[in-house]
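Heads up: the structure comes next, in structure tokens.
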Amino acid sequence: MREILSILQLYNADRWLLLFYAAALLFLLWKRKDTKSVVLLGIFPLVIFAFFLFPVSFTIYRKLDGPETYYRLAWMMPMTATIAYASVLLAQQAEKTAKEGRGKRFEGTETILVLLVCVILIASGGRYTYNNIHITPAENRLHLPQTVINLCDYIESQADGSRNIQAAFPSEHVHYVRQYTTHIRLSFGREMMVERWGFENPVYAEMEEKETIDAEKLAEALLADECRFVVLNAAKPIDGALEEYGYEKLVLLDGYYVYKNEDIPIA
Amino acid sequence: MPALLKLTVLFIWLVGVPVLSGILPCLILPAEKRTFARLCITGFLVHFFLFEVTGIPVLLFTWLGDFALLSLVFEALCALLLFGAVFVMVKKRDGFVPDAKIWKKPETEPTALILTAAFAGLLFFVLYMSYTRASFDGDDAYYVTQSVLTWQTETMYRYLPYTGITTEVDFRHALAMFPMWIAHAARASQTHPTIVAHSFIPLVFIPLTLLVYLEIARALFSAQNRTMLSDRRLSAFMVIVMTLILFGNTSIYTPETFLLTRTWQGKSLLANFVLPCGMLALLWMAQAREKEERRFVSVFLFLLAGASGLFTSMAPALLIALVCAGSLAVMGVRWKETGEKNVRVLWEMILPLLPAAIYLILFFVLR
């Protein structure tokens, strides 16, 4: 039960939208506008919620798909529709109450005022999506870092038309390279970025797990991986020079060095 | 292909063909009940259903998952469907939209106009931000890359997206062929799939989600033939929905977060399209009084069940759970409101879920 409640807590974070949902649901049950809304937006979601909290449901789900996605069961509750419907009913109630004293006031004043209050409450109790740190101005229509595109284009131009290029990129790029071109295969990819997946990779170990790269050990790992190209962050310290181990430095591009080993055959 | 032509072809495959695919199922309804929203929602369901039933056999039975063959067969089926719709309309002398509706000046109401303008402003803002902002999500390295892989190799699910090594088909993900659908739109329009996914998919699927909510509002307020311009309840409802979408990023788990930051991933469509459509079907059936309406809901559920597997393997499972349990609630509502005391409505809602059940059986057999 503790695990289920912590999932709920993570879902809501420290905001109030679940509270608004609960308030909207209770308001609908109290208002009893019609059977359809009471049952389908009121009672039925409560049954879903009870099922969500039920430890046996969690145990079965965990065996089928793992606990990380259990929160998706909460998606069956129509939170958005319920809050919106309750807000409109509230506005209608305000209109009805104020009808007699309205005088020369614009007919929809109460609706607009109540909605404004609801919007302010939702804005205060929620979290503005576009303040999210993972949302940034797009540099191009692919919505990928332009640096990654430039590096990929450069490597492909040096690959003699091959569509099977083995390359090692720094970890900050591995999510993006193959979203641009799958002609470049990676020595390590996103699987190394998720610690709980438990993958190991010698190239990653040499490139990313040390503060200073050991050029000889990195070259050894790259050669074992038949890695023809490697991209290194120019700011990352390196002990030794990859050039001594067959990797020619081609260019400094957008703050990254691109190396190529001609001795590794093209696939 | 010139840029304008690419954009046109992309529009045809992302919007035109899906919307027009809704004509045939909507012909079940009397003309006055055929709203534009119903046409769009049903059309996308038909379109996705068709892609899924074409894609799975090609994935399972062709060498390396012949994507070119899938594209060819799918496009042929889409053309057949559209011709079929035209044929039926001509045969039934059904112009689809009642003549009175085409020429009639839209009804408006001042408060509804103000609220509709507010909604339109919020929608425009969200679409602008979706087009001009990049949203990072680690799962894109899997899903978007699958589309690029298929686009560049014309194979399906034969390479690991993270590194490019060849692999056996990962059926846990492969049956959910939404990345292949994106790849098809990219192939047809000669546009990079990542551009299709990140720049254009939000422009289609955010409005599609809103159309579902508009129909939910119509069902809740029993305002089937009303529009946002004439009924302030509908426009007020949609303003609140837009606000919740904009401020719903309370955590990475909410449907609103998925809608704005991961629109092109199947999981987002589960949360923002499949499940709301399931709820919509429950509301429709609760208030359906004529046999055409009931038949339409059954057909709608059948299409939804068949299309749901395109997005994620969890979609058919959650849909079955929602509708099976929800149909009992619907039966209770109808019992209270109409005195109808038979279980027919259960079969009308549960039997159409058969495609979802078949998908799940296939999933567990292949996994």
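B:A174 falls short on exactly one of the conditions (1) over 19 Å from B:A271 (Cα atoms); (2) touching a helix residue (DSSP H, G or I) at 6+ places or on another chain (Cβ under 9 Å); (3) within 12 Å of chain A (Cβ to nearest Cβ), and that condition is (3).
Tell me yes or no: at least one residue of segment A:136-148 is touching an Asp or Glu at 6+ places or on another chain (Cβ under 7 Å) and more than 24 Å from B:D140 (Cβ to Cβ).
Within segment A:136-148, not a single residue is touching an Asp or Glu at 6+ places or on another chain (Cβ under 7 Å) and more than 24 Å from B:D140 (Cβ to Cβ).
Residues in segment B:262-320 that are among the acidic types (D, E) and in a helix (DSSP H, G or I): 2 in all. Taking segment B:214-248 as the range and being at the interface with chain A (Cβ under 10 Å from one of its Cβ atoms), over 19 Å from A:V119 (Cβ atoms) and part of a loop (DSSP other than H, G, I, E, B) as the test, the residues that pass are B:F221, B:S222. Considering segment A:149-267, the qualifying strands (runs of 3 or more DSSP E), each wholly inside and each with 2 or more residues that are touching a residue at least 40 places away in the same chain (Cβ under 8 Å), run over A:165-168, A:229-233, A:248-253, A:256-260. Contact map, segment A:124-143: residues that are at the interface with chain B (Cβ under 7 Å from one of its Cβ atoms) paired with residues that are among the hydrophobic types (A, V, I, L, M, F, W, C) and assigned to a loop (DSSP other than H, G, I, E, B), Cβ distance under 6 Å, separation 6+ or inter-chain. Pairs shown: A:G126/B:F247; A:Y128/B:F247; A:H134/B:F136.
For (1) assigned by TED's automatic domain parsing to the domain that holds A:A13; (2) out of contact with any helix residue (DSSP H, G or I) (no Cβ under 6 Å at 6 or more places or on another chain), each residue gets a yes or a no:
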position: A:S124; (1), (2): yes, yes
position: A:R127; (1), (2): yes, yes
position: A:E139; (1), (2): no, no
position: A:N150; (1), (2): no, yes
position: A:I155; (1), (2): no, yes
position: A:D160; (1), (2): no, yes
position: A:R163; (1), (2): no, yes
position: A:F169; (1), (2): no, no
position: A:R178; (1), (2): no, no
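Taking the criterion of being more than 10 Å from chain A (Cβ to nearest Cβ) and farther than 22 Å from B:R367 by Cα, would at least one residue in segment B:149-164 satisfy it? Yes - at least one qualifying residue is present in segment B:149-164.
When the residues of segment B:331-366 are filtered to those that are exposed (fewer than 13 other Cβ atoms within 10 Å of the Cβ) and within 25 Å of A:R32 (Cβ to Cβ), the one that is modelled with the lowest pLDDT is B:K341.
Residues in segment B:249-262 that are touching a helix residue (DSSP H, G or I) at 6+ places or on another chain (Cβ under 6 Å), facing chain A (nearest Cβ under 10 Å) and in contact (Cβ under 8 Å) with a residue 24 or more places away in the chain: B:L259, B:L260. So A:I83 fits all but one of (1) at the interface with chain B (Cβ under 7 Å from one of its Cβ atoms); (2) among the β-branched types (V, I, T); (3) without any contact (Cβ under 8 Å) to a residue 60 or more places away in the chain; what number is the exception? Result: A:I83 fails condition (3) only. Of all the residues in segment A:1-54, those that are touching a helix residue (DSSP H, G or I) at 6+ places or on another chain (Cβ under 9 Å), farther than 24 Å from B:Q287 by Cβ and hydroxyl-bearing (S, T, Y) number 1.
Based on this model, can you work out whether B:L351 counts as touching a residue at least 24 places away in the same chain (Cβ under 8 Å) and touching a Gly at 6+ places or on another chain (Cβ under 6 Å)? So that I can check it myself, show each step before the final result.
Details: touching a residue at least 24 places away in the same chain (Cβ under 8 Å): yes; touching a Gly at 6+ places or on another chain (Cβ under 6 Å): no.
Here the answer is no, as B:L351 does not meet what is asked.
If I filter segment A:130-167 down to residues being surrounded by 13 or more Cβ atoms within 10 Å (Cβ to Cβ) and β-branched (V, I, T), which single residue comes out as nearest to A:R228 (Cα to Cα)? Ranking the qualifying residues of segment A:130-167, first place goes to A:I165. The residues listed here are B:L70, B:L24, B:L60; of these, the one that is buried (at least 22 other Cβ atoms within 10 Å of the Cβ) and either of a type outside the set (A, V, I, L, M, F, W, C) or part of a helix (DSSP H, G or I) (or both) is B:L70. Each residue in segment B:243-257 was checked for being of a type in the set (A, V, I, L, M, F, W, C), over 17 Å from B:Y131 (Cβ atoms) and buried (at least 24 other Cβ atoms within 10 Å of the Cβ), and 1 of them qualify.
Inclusion of B:F96 among residues that are touching a His at 6+ places or on another chain (Cβ under 7 Å), of a type in the set (F, W, Y) and more than 30 Å from A:G108 (Cα to Cα) is not warranted. Within segment B:263-309, the residues that satisfy the criterion of being in contact with a Pro (Cβ under 7 Å, 6 or more places away or on another chain), more than 14 Å from B:T42 (Cα to Cα) and within 14 Å of chain A (Cβ to nearest Cβ) are B:T263, B:A271, B:N272, B:M279. Can you find a residue in segment B:330-345 that is more than 14 Å from every other protein chain (Cβ to nearest Cβ) and in a helix (DSSP H, G or I)? Looking through segment B:330-345, at least one residue is more than 14 Å from every other protein chain (Cβ to nearest Cβ) and in a helix (DSSP H, G or I).
Here is a yes/no grid of residues against (1) surrounded by fewer than 23 Cβ atoms within 10 Å (Cβ to Cβ); (2) without any contact (Cβ under 8 Å) to a residue 60 or more places away in the chain; (3) facing chain A (nearest Cβ under 9 Å):
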position: B:P110; (1), (2), (3): yes, yes, yes
position: B:L113; (1), (2), (3): yes, no, no
position: B:A120; (1), (2), (3): yes, yes, no
position: B:S130; (1), (2), (3): no, no, no
position: B:R133; (1), (2), (3): yes, yes, yes
position: B:Y142; (1), (2), (3): yes, yes, yes
position: B:T145; (1), (2), (3): no, yes, yes
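Annotation: B:K105 fulfils all but one of (1) farther than 30 Å from B:L24 by Cα; (2) more than 9 Å from chain A (Cβ to nearest Cβ); (3) exposed (fewer than 13 other Cβ atoms within 10 Å of the Cβ); the unmet one is (1).
Taking segment A:51-125 and the helices (runs of 4 or more DSSP H) fully enclosed by it, the elements with 3 or more residues that are crowded, with 20+ Cβ neighbours inside 10 Å are at A:79-98, A:109-125.
Yes/no matrix, rows are residues, columns are (1) facing chain B (nearest Cβ under 8 Å); (2) more than 30 Å from B:F364 (Cα to Cα); (3) at pLDDT below 95:
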position: A:R15; (1), (2), (3): yes, yes, yes
position: A:Y61; (1), (2), (3): no, no, yes
position: A:L64; (1), (2), (3): no, no, yes
position: A:G101; (1), (2), (3): no, yes, yes
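The values are calculated or read from the model by the stated rules, or taken from the named source; none is laboratory data. What you see is a predicted model; the values in this text were computed from it and never measured. Positions of Cβ are generated from backbone atoms using ideal geometry, with glycine treated the same way; all protein chains shown enter the neighbour counts.
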